[in-house]
């Protein structure tokens, strides 16, 4: 079927390639004329020079997929909507807050325009692996778009069937799922990312403990400000992290795709020299925590992983200065200089 | 080659089966005569009626693998050692604390007995998948045992090679790894389990948030003790957890073996009715946290996941009573009765 | 000066008593006619039979203090506003979310009605100690109400002056403070409560560790599901908690008013037998965490203290069941029965 | 009575001053001859030029108080013991690990030497306020030293009696307490410091949230790596932190001595410009967490406060680099440069 794609970044462009390769007609637009021009060379892809041009090239009911930063979705919707008609479909495949989906879908419903929210996971690997999609919106519309989702999704592939799952029980096995009404797709994707933060932190902390397992080889000084290591003979290991992450891929309980990537990253650059350790967060982790708080569901692991990212960017600095100020006030403790 | 196995529980018995199937001779002992008798029916497996009988049936240098609870390893070593000779090998394949490996290996070295510590991951699935092994001890001894490790391990199988990894760079790709001197194997396994706790908690918390996404459907009462949900219309989702865990297996960033198991568990019993939620911990999580503390490496996620298990067993109860007592003292707040 | 008080619960009634005793005229209303009748017996206090009656008894500009649950403030404002005139003042002294102050103040400003938000701390002890107040709103209005605040506040009393603080530098030393524009009062009070949660948890956790210091006296069983205590001889202390909290009040670094209350609670009931350990939270803790997340400021301690309260109420149960389900799936681990 | 003091740092010297002023005879020694010389000018204080000299100047049974870094206590005991006789008393008033007290007391008991462990709180303020003491050891010996403890302690002073506490129920009201057998003093002090970490962190985090309450004034950029602040109008407050900490001292629930010190620190230097935010930890926090883990008592707040200190010193750096490496691997995310 036909699909319009607005936003030809890493993910948008690869989705279009995947669709076109499988016989869907794609009309594409991006603020960068170069990006449009490049992608339009792909057979089955038609470039558009403006939003208006894009919409003019679509047959009705139009289906327009937005694959753009969450921060510009509302402005883009405002730009697109005046050109749309009753029955047309807007799909937000980016990382919108599900609460925005709820209000957008209401607002668009008043104009008879359908709205579908799609949380998409797969990162830069999606062209090859396919994208896992979590979908929210009215059932009929989601069904209408099924050929698109089926093509973008990974399909069953060679991942074994879950024991106990009966065949033909929906699309989840194909890597896409209609999760519920408007916002459900991004809600599930939000939590997916929250879990992702937690898993990443679990690996990172564990590997941090392994990395420092030779700390007993370094003699410490004795003063009232420093805790001496009681048993330095317990920390004499120089552990081969690239091999350890590799061996865990093979039959261990913690095998995962994130571990695959970590093993690969450590083979390339065991010292991780090209990274400074300032870790961004792009919103879903924060929203997951807020949802947990609203629900009264404790999420200590997910929250800790978010806060590690905040701290990695220096955002705990004022609090830390306060701790030093208090220690100085009651104990005359001076900070130790940074000697690393 | 020949191997003696002491301890024929889930994991020990399956390892013997895997070894015997692949042509190794196994002499086996367990406190349960029935367990010995059953396993000795397997071709290539010889039963023993006592530790002494077991040792008498071994050719030298003897190799004895202990697969028993960590709490009885020292007693078993005491029982076995008087019958051993210089050059014999003891292998602890259970979940010992690596600090015990350090002292045991020293003590046994004085008698000329070799000691190898093996952290083993794979759970009840190891017979089929093979066991991932993390090994500590003297290099020559570990090399001598290589045929055993190679057979117990999963091998390369159909898990793709890590991009960037050169072929023939050690055994990690086969699912076993000599990590370093005595204790290194259990140190790495300890951290493996720490990570496992963190990952499990990440999934459990995330799914907990998804499960409660319909909380807005339940009207709350208004009083000074209860926080009203500000936006009940944001929490109206009845989310299909079995399908969501399934779809995440297909191309998402958080695909993993633990997720495979979770998807299967939710298919069988979506309400998890047979579980009460009292979660045990078997030591490695605690030890990982302690190692991180000794090293000065923060592990907030791993620690939070351990504490969730403590709390699940009611071990925070006194602290919680204190909180209620303080709230009553300053604010006259009475506890709300349990109405769930 | 004259003040109207709506809401004669613990705090509202005590504030009125404190004001009346110091020569202010108070007109009071509550849904409970009995509460009005009782309080109106106090010299200087005039009862009202309805909101309309209350407003009719006030001289202009009217100053009306609402001391009611956060959940009913908006409805009460709606009821009151039609009877008010330009220049009248509404004061919300309860635990409103500061975000509501921002919208309310805007809405009321359109009608020329002034709005002041007051975060009030002191609990049931305020009649005796005075109430600490954190105030938001337009400077002129806050100044106009200064005689009220000065009377409700504790005053300097016998709390020593902060070293380095110059005399006559504002009202903070008297126990009330204009913190900023609308919402600032409740914002500061919100964070105050967030800190309160953290401090309470710090004491509760520490006392929990002291309480369990005799755990080595209880022999544990050995199995693969239970972590044995390695050094039971290190946990043989039966510690006198009521005396310990008392001694900490005397010259220790952790002396505080919350500790005073804890010492008193433990004298009365060392086993805390009348508390079940289900700890409520009344919103400010949640909002503090959300503010920290919006700001990118990590608050791991405050968050952990909130989550302990969630867990104490059983709200982690589903997540815990999932953990058990996963452990069963990969390791065949069964839950241990509750034997406490 | 007579007391020998070894170690004339901040705390040791002030204790001697407090004792001498109240009529006790003090014989003092320190590695720094200058420190001995200075303190010996105080009436009632006798300097010693060596450990041997010190011991020679004491009447029997000798009582020797060690006020030295935990890391050198064992060496000092080794140096002192050969000169002691049956019935002499060694007191460790520093920050020793209580586990060392257990082994030291056993070792010394074999020689008939008494050992008392004293956890001491009060910091640089103890000269003026007195020191809060938590004491472990045999009852008779602790009783024998009562005049010393009574003098060093704050006494009842003007701190009000705890409601419900009967008079003459032990020494806790005087600011010192015999907590139990050997190690009990340092165990309780250890947990005291763990609580101290948690309280400090609670204030520091809360004040961090207040400090950033104007973050909505700073416009952010829009890209896929940065979470935009949804409601900048909610974060427009420039809050007066020195005044806020002051007002909280007056009748609020979170009044405490640590808050007093914080208010003073913020008056002197609101920007905390002289602190870098690298926060030391001196062992007790770590040991408290380990004790909680051994006991199975969750301490999420105390642990989070310890980890904040680790992170403040850059000890999470490797873990953070790993997070960046993973994000790059799955999403092509590049780190944002440090632009603060």
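Some observations on this one:
- Pairwise inverse Cα distances across the protein assembly as shown, averaged and inverted, put the Kirkwood hydrodynamic radius at 33.7 Å.
- Average beta carbon contacts from partner chains per residue of D:25-33, 10 Å cutoff: 0
- Solvent-free Debye calculation, one equal scatterer per alpha-carbon of the range B:2-181: log10 I(q)/I(0) at 0.13, 0.15 Å⁻¹ equals -0.62, -0.83.
- Cα-based shape type of the range A:259-322, given that a ≥ b ≥ c are square roots of the gyration tensor eigenvalues and the cut on a/c is 1.5: oblate
- Ordering B:275, D:187 by the number of other Cβ atoms within 10 Å of each residue's own Cβ, fewest first, gives B:275, D:187.
- Between the C-alpha center of the range C:1-73 and that of the range D:24-70 there is a gap of 67 Å.
- Note on chain A: antiparallel DSSP beta bridges, both residues inside, total approximately 20 percent of the bridges counted.
- Considering only alpha-carbon pairs that sit under 8 angstrom and 6 or more positions apart, the relative contact order computed for chain D is 11 percent.
- Helix A:184-211 axis, angle to chain A major axis (alpha carbon atoms, nearest 10°): 30
- Per residue, the convex hull around the alpha carbon atoms of the range B:147-245 comes to 207 Å³.
- Remark: mean inter-chain Cβ contacts per residue of A:269-278 equal 6, using a 10 Å Cβ-Cβ cutoff to other protein chain atoms.
- For the axis carrying chain C to chain B: nearest C-beta residue of C, whole Å: C:311, 2
- Adding -39500 (n - 2.57) for every DSSP H run of four residues or longer, then dividing by how many residues the protein assembly as shown holds, sets the calculated 222 nm ellipticity at -13000 deg cm²/dmol.
- Spin-label model distance (nm) - residue A:268 vs residue C:169, 7 Å beyond Cα toward Cβ: 5.4
- Listed by Cβ neighbour count within 10 Å, with the fewest neighbours leading, B:327, C:129 appear as C:129, B:327.
- Using the average count of surrounding beta-carbon atoms within 10 Å as a protection proxy, the listed peptides D:292-303, B:297-308, C:43-54 rank, highest first, as B:297-308, D:292-303, C:43-54.
- At R0 = 25 Å, FRET efficiency that the Cβ-Cβ distance of residue A:150 and residue A:111 yields, to 0.05: 0.30
- Sites residue B:53 and residue A:231, calculated FRET efficiency, Cβ-Cβ separation with R0 45 Å, nearest 0.05: 0.70
- With both labels modelled 7 Å from their Cα along Cα-to-Cβ, the residue B:161 to residue A:75 distance reads 4.8 nm.
- Contact order relative to length of the range A:189-331, as percent, for alpha carbon pairs under 8 angstrom and 6 or more apart: 28
- Gaussian network model of chain B, springs between alpha carbon atoms under 10 Å - residue of B:56, B:12, B:283 with greatest fluctuation: B:56
- Angle in degrees between helix B:98-109 and the longest Cα principal axis of chain B, rounded to the nearest 10: 10
- This ranking places B:235, B:131, A:97 by how few other beta-carbon atoms lie within 10 Å of each, fewest first, which gives B:235, A:97, B:131.
- On the basis of the beta-carbon distance and an R0 of 41 Å, residue D:31 and residue C:218 show a calculated FRET efficiency of 0.35.
- Axis of helix C:284-295 versus longest Cα principal axis of chain C: the two differ by about 90°, to the nearest ten degrees.
- Once Rg and the Kirkwood radius are both taken over the C-alpha atoms of the range A:1-54, their ratio Rg/Rh works out to 0.91.
- For the range B:252-331 versus the range A:287-320, the gap between their alpha-carbon centres in whole angstrom: 17
- Cα Rg, Dmax, chain A, angstrom units: 24.7, 77
- Descending Cα extents along the principal axes, the range C:57-163, whole Å: 45, 29, 27
- Peptides ranked, highest mean first, by Cβ atoms within 10 Å: ranges C:315-324, C:149-158: C:315-324, C:149-158
- Calculated over the range C:181-327, the projected area of the Cα convex hull averaged across directions stands at 12.9 nm².
- Other protein chain C-beta atoms within 10 Å of residue C-beta, averaged over D:127-139: 2.
- Take residue B:124, move 7 Å from Cα toward the beta carbon, and the resulting point lies 4.1, 5.2, 6.2 nm from the same point in each other copy, nearest first.
- Globularity index of the range A:138-201, i.e. its alpha-carbon radius of gyration over 2.2 N^0.38 Å: 1.27
Only the coordinates and a few stated rules stand behind these numbers; no lab work does. Bear in mind that the values here come from a model prediction, so they are computed numbers and not experimental data. With ideal geometry, Cβ positions are generated from the backbone for all residues, glycine too; neighbour counts draw on all protein chains shown.
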